[in-house]
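A.B. asks: Once you've had a glance at the structure underneath, I'll fire off some questions.
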Amino acid sequence: MMKDKDISDKNFILTAVIGSLLVMALVIGTTLWASNETASETDEAVTAVSHFYLKAMADRRARIITNLINNNFEHMEKLLPIIAEENIDSQETLRAVIGKIKTLLSLKRFALVDEDNVVYTQYTTYTGGSRHAFLTADKLNKREISTVYLYGSSKQLCLVIPTDGLVLLGKPFKACFVQIDIEDIASLLAFDDPGRTCFGLYDRSGVNLSNTSLGSIVSGQNILEATKDILPKPEWEKMCRDFDDEAYGGLTFAFNGAEETLFYVPIPDAGWMMVILIRESIINDQIRGISEKHLEISNLQIGVTLGSMLLFAAVLLWRLWKISRMKLEAEMENSRAFESLANTDALTGVRNKHAYSEDEAALNRKIMGREIEKLAVVACDINGLKVVNDTKGHAAGDKLIKDASALLREYFVHGTVYRTGGDEFVVLLQEKGYDTREETIRSLNEIVEANIATDGVVISMGYSTLEPNDERLHDVFERADRMMYERKQELKQMGAKTREE
Amino acid sequence: MALDVKKICLAAASAAAAAFLIYPASYSTAGSGADASGKESGAETLSAARREKDVQGAVNFEHALDSYQPKKDHYNFYFTYKIVHPWWDAVALGMEDAQRQYLKQGITVTYEYMAPNAASAADQTERLLGAQQGGYDVIGVDVADEAIISPIIDEMVDSGCKVMTFSSSDAAVGCKRIAYVGNTHNYKDGADLTEALCEKLNYEGEVAILVGSKGAPCHEDRAKGAKDTIAKYGNMKIAAIEYDMDSVDLAYELALKILREHPNLAGLVCCNMSNPVGVARAVVETGSDVVIVGMDHDQEALHYLDDGVIYCLGVQDCYSIGFETLQTAVKIADGNLPGEMFPEKRDEPTTIIRQQDAALMLSLLYGDVL
């Protein structure tokens, strides 16, 4: 049963270790495979992703501008009735109203224009016929979007709506407009992309409106001129046509040894082109960055898994070791108890006949091997036990045996006492017990002799020591036994009880 | 309005490189003939670096208010100028810059900046008399006709109005206007441009003069400078003098007429901003090789200069004129008179630029190197 249990524990540990190793190998292998697959597919995805990414980005930014335009138009449309209802009785109150609207819409320039092309702003009133191109028309019929190229290189988006029926200060007004700095629009567009791509706003002839640069390729100047010598002629001509037709387009080209991807989308109504450029390597880096991040996570996962499994295995083994040890200790304890029980005389607590037989066998091996010199055997027999049993009962007989045993143990402190029969005891003396045997036996005999008179415990003892010719312990015992019978006769003569009585 | 320094530096570098390639040894401000590339070369030489510096300094967009502390927190001005025209729109941008800077100091400056669609001393007189009743802190005027407007200004000053002149034309000598900010050297500008033309033509041939508005002191002074310069050379003569009334379309028509009527015409002097644009269009259309010199910074004219159609242009610093006009007006409104605080005449420079300067000037003024 114990052996089966050992085998079961070993199997369990082995299975746990092998299982753990297999799981670890599986996790590592799967992760590495997935990482390698991701990395190998990255390059293939880059081209497709770059066009999609740039188009999506360009479209999003174009929508931002379109929304900006539409929102400003809507704001102006909604504000006109409010302006008409204001009690504007002087140029000062008109300026104040314009100032409120400017603040409300966070505009740099919001203005109204009367029928004489006089422009009213928050702080100035000026004749604007030559300054604003939309004023060359006698009458405005619809919304107008234009790009203003200001002296001083600033470029602005101008949004105009007609103001039919608006009369202020007794004069009909023909238009109201906002002007937005295109560099401010570029800043707004750059907000969602901190430096990963280059972009610019251009008019249809390629003039840079946003004062942004497309990296080192187009540093602020006309994009069509700047790319003329960089792009293959057919692609450059197509780009020029696309700009003129306000059409979508994209191309990838090499510049200074690097792959560049450029995409352009028209911005409806504004007459602008949104151009976005990204270096192929940046996309690669970004995607590779994502892959590496995933790889790091996988590695971390592997590490954590391995660590957890090792920890688990260590804890498991420790627990198994501890359980095994506890079981082993318990079994040893049981064994010792069992052995002790098997070798102990239940009545007296001294070693029994079985123990004597085991010890005798062990001593015989030593005697045969001449490994022992100091050995004495004391043969003991309780006098009068039968008489006590017969006259006083077995309980009294048992008590006599116990008293005899106690007496022997008291005197043979350095020897081993065995109860080998009902009233027979043997004492084996070695080393110190051997050296003090005569004194001990003499002392005990004196007590025994004194007990005859008091009806105490009387033990007949004979002893013998190992002699060179002895081949086994029994040789010694026989001499001791003979001596014990002789002593028994002596004691009888002294008055001790005997079996015959 | 702030300039893109990076862009300017790049354009400057490009221009420097071009100048070095085209003019490795020298730079001419008054050329004596064309070299193999068709570009001019001359006796008076300057380094390429000096040239770039001059061109970059032709218009100053980087202004800051001086240390003067205005006495009020609100000023209201009235300015009137000769004609609705892009040249004065450039002046307006300088004024708006100053207005924004005052606003940052907590000082509100409001003003009207008005002109008729056609230059008219009568219209200007009407506007000034109207403004006299408007309670403005200062009235500024770009004199349409000094003979007519100067007495009006005197009357206004006598009645307690604070009047200044600005931009292109001052009032007559002895006028009571408080100060002038603008071009004080129109005659010299006309003379310098014409001198460059005469040198280019090797001091011989027929030259026509196109003027802007009749009676406008700046235009008339330049025309006078041109006439006097041509008169110095015996082999040169004036073939025609015409007024385009500050209209590009009229300038174009007049140029076609002159080219048709004077087939031997060698050169054309343009005294205002619209002249060179209209003339260049006509010259390109007819395929003429007439040499054009002219005034101002019109973007189309600068492109013609870049293409070699126009030989040279006199560029005025309109932005600075506008900025300084408003700053001077604030000081005058506070009761200050010309002296240490501001001069009685603040001169703003004119820089003559040529083909090799065109790209840089386009970049400076319009952010456009085409």
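A.B. asks: Of the residues B:90, B:122, B:144, B:118, which single one is farther than 27 Å from residue B:353 by Cβ and either of a type in the set (D, E, K, R) or within 17 Å of the chain's Cα centre (by Cα) (or both)?
C.D. replies: So the residue among B:90, B:122, B:144, B:118 that is farther than 27 Å from residue B:353 by Cβ and either of a type in the set (D, E, K, R) or within 17 Å of the chain's Cα centre (by Cα) (or both) is B:144.
A.B. asks: Examine region B:121-143 for a residue that is more than 20 Å from residue B:82 (Cα to Cα) and more than 12 Å from every other protein chain (Cβ to nearest Cβ), and state whether such a residue exists.
C.D. replies: yes
A.B. asks: So residue A:140 ticks every box in (1) away from chain B (no Cβ under 11 Å); (2) surrounded by 14 or more Cβ atoms within 10 Å (Cβ to Cβ); (3) in contact (Cβ under 8 Å) with a residue 40 or more places away in the chain but one. Which box is left unticked?
C.D. replies: Just one mismatch for residue A:140, condition (3).
A.B. asks: Further, regarding this structure: Which residue out of B:113, B:102 is aromatic (Phe, Trp, Tyr), within 11 Å of chain A (Cβ to nearest Cβ) and assigned to a helix (DSSP H, G or I)?
C.D. replies: Within the list B:113, B:102, the selection yields B:102.
A.B. asks: Here is a further query. Could you tell me whether any residue of region B:64-80 is of a type in the set (Phe, Trp, Tyr) and more than 14 Å from chain A (Cβ to nearest Cβ)?
C.D. replies: yes
A.B. asks: Further question: So which residues in region A:325-376 are of a type in the set (Asp, Glu) and either in contact with a Gly (Cβ under 6 Å, 6 or more places away or on another chain) or not assigned by TED's automatic domain parsing to the domain that holds residue A:403 (or both)?
C.D. replies: A:329, A:331, A:333, A:339, A:345 - these are the residues of region A:325-376 that are of a type in the set (Asp, Glu) and either in contact with a Gly (Cβ under 6 Å, 6 or more places away or on another chain) or not assigned by TED's automatic domain parsing to the domain that holds residue A:403 (or both).
A.B. asks: So which residues in region A:308-352 are in contact (Cβ under 8 Å) with a residue 40 or more places away in the chain and within 29 Å of residue A:415 (Cα to Cα)?
C.D. replies: A:345, A:347, A:348, A:349, A:350, A:351, A:352
A.B. asks: If a residue must be free of Cβ contacts under 8 Å to residues at least 60 places away in the same chain and under 21 Å from the mean Cα position of the chain (by Cα), how many such residues does region B:222-254 contain?
C.D. replies: Summing the residues that are free of Cβ contacts under 8 Å to residues at least 60 places away in the same chain and under 21 Å from the mean Cα position of the chain (by Cα) in region B:222-254 gives 17.
A.B. asks: Within region A:458-480, is even one residue loosely packed, with under 14 Cβ neighbours inside 10 Å, out of contact with any helix residue (DSSP H, G or I) (no Cβ under 8 Å at 6 or more places or on another chain) and either within 19 Å of residue A:426 (Cβ to Cβ) or touching a residue at least 40 places away in the same chain (Cβ under 8 Å) (or both)?
C.D. replies: no
A.B. asks: Next question, about the same structure. What number of residues within region A:126-182 are in a loop (DSSP other than H, G, I, E, B) and not aliphatic (A, V, I, L, M)?
C.D. replies: Summing the residues that are in a loop (DSSP other than H, G, I, E, B) and not aliphatic (A, V, I, L, M) in region A:126-182 gives 18.
A.B. asks: Of all residues in region A:100-125, which are without any contact (Cβ under 8 Å) to a residue 24 or more places away in the chain, under 19 Å from residue B:102 (Cα atoms) and either within 11 Å of chain B (Cβ to nearest Cβ) or not in a helix (DSSP H, G or I) (or both)?
C.D. replies: Matches in region A:100-125: A:124 only.
A.B. asks: Identify all residues within region B:271-282 that are among the hydrophobic types (A, V, I, L, M, F, W, C) and either open to solvent by 20 Å² or more (accessible area, probe 1.4 Å) or within 16 Å of residue B:307 (Cβ to Cβ) (or both); write none if there are none.
C.D. replies: B:277, B:279, B:280, B:282
A.B. asks: Another question, then. Would you be able to tell me the number of residues in region B:245-268 that are open to solvent by less than 20 Å² (accessible area, probe 1.4 Å) and β-branched (Val, Ile, Thr)?
C.D. replies: Going through region B:245-268 one residue at a time, the tally reaches 1.
A.B. asks: Now, a different point. For the condition open to solvent by 10 Å² or more (accessible area, probe 1.4 Å), of a type in the set (Gly, Ala, Ser) and not in a helix (DSSP H, G or I), what is the one hit in B:58, B:64?
C.D. replies: B:64
A.B. asks: Hey, which of the helices (runs of 4 or more DSSP H) in region B:283-367, taking only ones fully inside, have at least 2 residues that are hydrophobic (A, V, I, L, M, F, W, C), open to solvent by less than 10 Å² (accessible area, probe 1.4 Å) and under 30 Å from residue B:254 (Cα atoms)?
C.D. replies: B:299-307, B:358-366
The values are calculated or read from the model by the stated rules, or taken from the named source; none is laboratory data. Just so you know, these numbers come straight off a predicted model, no measurement behind them. Neighbour counts run over all protein chains shown; Cβ positions are idealised from the backbone, glycine included. Protein only, heavy atoms only, side chains kept; ligands, DNA and RNA dropped before computing areas. Shrake-Rupley method; radii C 1.70, N 1.55, O 1.52, S 1.80 Å.
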